[in-house]
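Please read the structure below before turning to the comments.
The values are calculated or read from the model by the stated rules, or taken from the named source; none is laboratory data. These numbers come from a predicted model, not from an experiment. Neighbour counts run over all protein chains shown; Cβ positions are idealised from the backbone, glycine included. These accessible areas exclude ligands, DNA and RNA; they are computed on the full protein's heavy atoms, side chains included. Shrake-Rupley method; radii C 1.70, N 1.55, O 1.52, S 1.80 Å.
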Amino acid sequence: MASETVSQASQWSGALKRRLQANPDLEPWLQTACQQPIDAHALANWFESLAGEHPDTAVLSVPDCRRVLRQLRERVFYAAMVRDLARQASLDEVTTAMTRLAEIAVEQAYRSVMQEMVARHGAPLDPVCGKPMEMIIVGMGKLGGGELNVSSDIDLIMLYGCEGETEGPRPLSYHEFFGNVTRRMMPIISEADEHGQVFRTDLRLRPDGDAGPLAWSLDAFEQYLFTQGREWERYAWLKGRIMPATYFADSDMSRTEQDVESMRQPFVYRKYFDFDALAALRDLRERIRQDWQRRASARQGVDTAHNIKLGDGGIREIEFVVQLTQLIRGGKMPRCNSADCSQHSKPSKELACCPMRRPMSLSEPTYSSDGLNTPCNTAKTPKPICCPVIRKCAWRWLAPWACRARHLNKPCPNTGVPWQRCFAMPFALPALPPMKAHQLHRQLQRVRQSPRTYQGPAWPTTPRICRT
């Protein structure tokens, strides 16, 4: 049974077929590994068999760390592929396994680089308690939400507690020290060699993007957030999560974690309804849609309507709907502050943030779209994220919701509302409530500053103004 599972998966994935031909020893290992769920215990055992140490205590040299992480990634990737194509693994199992792999990769890369940096420059110390200071590694996007898929990259932001200087043989300021740690960590994770790569990494979500330093102190980071922080950065920090990466045995990160969270919460979640956030999210959604259509039109044969991630009703659309609700409700309803997109529909329904039947209609396409993304990214084509490519291969692997992109004008089975309106209505401009003249003037100024992108009911030409 296990041999048939691996054989069927190799027929679907050209990458797996070529890998089995290049490494015949991988097939018997896969036949054994795919019979058990891929969880944190399995990843720890696989890491220990490759490195000879448990991941919680291992501190490897940089060359060994590169080799072990790439071999571990190969095992996790192909085991998840075989189990997913055989319908033995749920979406939660795949995303949890890939997220845990990313956490191990970031932690081991950090420890390997810190080992060399501390030996050369000395350990950075916290001036308040005198204990060694760790770098704060924040996972963003799907990594922060625990939703990594097999083709996802990882977004990271590097912070540290305060400024100072090391006291080793070659002293460095903390700014230079943690910047060098970040610079040396990235090739370990993202550089491709004879063993491949672990994850593509992206540091552009940090303050000032590519123009800013690689690592920021908490004081500078706080000043940036509340003086220069832009609206799109609020959306990014919805899923910000501190990674479990430590090097020093006696370090204490509890205070720094509290400091980061005390900055993130008031920056992301406001106690009042923010029209600017709604307008900025609407504009961001429209720019992404236009950029995708422009890139697709430049490539002959690419179908914009069936794109699983960026098309109408795709993964990005669902995330925008969820983030919109979180930004509006999160300041007054902490139960809405879930980093996982798929987990947000339940508290929304309980707290009446959405109509009673609509949250269920969001959770189902969330799972089906992300679940569809896994077999798409393991197929024979390089990046087949469009449904027409899949229909030419094997529909038997796909969830029934896979064809929803062709029926956006048909009613949703749960709500009776057409799918396209389900995803477009949250970004529509609301109808004008009764208001006085000066309030109306202020409201119309906001509308002119944020062009409307929703193609739905027309804006009322004769707004209702109170005569009192």
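Hey, can you tell me all the residues within the stretch 45-66 that are outside any loop (DSSP other than H, G, I, E, B) and open to solvent by 10 Å² or more (accessible area, probe 1.4 Å)? Within the stretch 45-66, Asn45, Trp46, Glu48, Ser49, Leu50, Ala51, Val62, Pro63, Asp64, Arg66 meet the criteria.
Return yes or no: is Thr32 surrounded by fewer than 15 Cβ atoms within 10 Å (Cβ to Cβ) and in contact (Cβ under 8 Å) with a residue 24 or more places away in the chain? Yes: the conditions hold for Thr32.
Residue count for the stretch 111-148 satisfying the condition of being part of a loop (DSSP other than H, G, I, E, B), of a type outside the set (A, V, I, L, M, F, W, C) and surrounded by 20 or more Cβ atoms within 10 Å (Cβ to Cβ): 4. If the condition is being surrounded by fewer than 12 Cβ atoms within 10 Å (Cβ to Cβ) and assigned to a loop (DSSP other than H, G, I, E, B), then the stretch 1-22 contributes only Met1. Out of Arg200, Arg183, one residue alone is at pLDDT 95 or above and open to solvent by 80 Å² or more (accessible area, probe 1.4 Å). It is Arg183.
The set of residues in the stretch 175-226 that are without any contact (Cβ under 8 Å) to a residue 24 or more places away in the chain, farther than 30 Å from Tyr269 by Cα and of a type in the set (S, T, N, Q) contains only Ser190. Applying the set (1) free of Cβ contacts under 8 Å to residues at least 24 places away in the same chain; (2) assigned to a helix (DSSP H, G or I); (3) more than 20 Å from Asp155 (Cβ to Cβ) to Ala277 leaves exactly one unmet item: (1).
The set of residues in the stretch 164-221 being in a strand (DSSP E or B) and farther than 27 Å from Leu148 by Cβ consists of Glu165, Ser173, Ser217.
Yes or no: the stretch 257-274 includes at least one residue that is more than 23 Å from the chain's Cα centre (by Cα), outside any loop (DSSP other than H, G, I, E, B) and of a type outside the set (Asp, Glu). No.
Pairs meeting the criteria (first residue in the stretch 149-174 and without any contact (Cβ under 8 Å) to a residue 24 or more places away in the chain, second residue in a loop (DSSP other than H, G, I, E, B) and of a type outside the set (A, V, I, L, M, F, W, C), beta carbons under 6 Å, at least 6 apart or on different chains) are Glu165/Pro171. Scanning the stretch 88-110 for residues that are open to solvent by 10 Å² or more (accessible area, probe 1.4 Å), more than 30 Å from Arg184 (Cβ to Cβ) and either in a helix (DSSP H, G or I) or without any contact (Cβ under 8 Å) to a residue 40 or more places away in the chain (or both) yields a count of 4. Assess whether Gln258 counts as being open to solvent by 50 Å² or more (accessible area, probe 1.4 Å), at pLDDT 85 or above and not hydrophobic (A, V, I, L, M, F, W, C). When the stated conditions are applied, Gln258 passes them. Of everything listed in (1) within 25 Å of Asp259 (Cα to Cα); (2) touching a Lys or Arg at 6+ places or on another chain (Cβ under 8 Å); (3) at pLDDT below 95, the single unmet condition for Glu163 is (2).
Among the residues making up the stretch 213-257, a single one is β-branched (Val, Ile, Thr) and closer than 13 Å to Ile157 by Cβ: Ile242.
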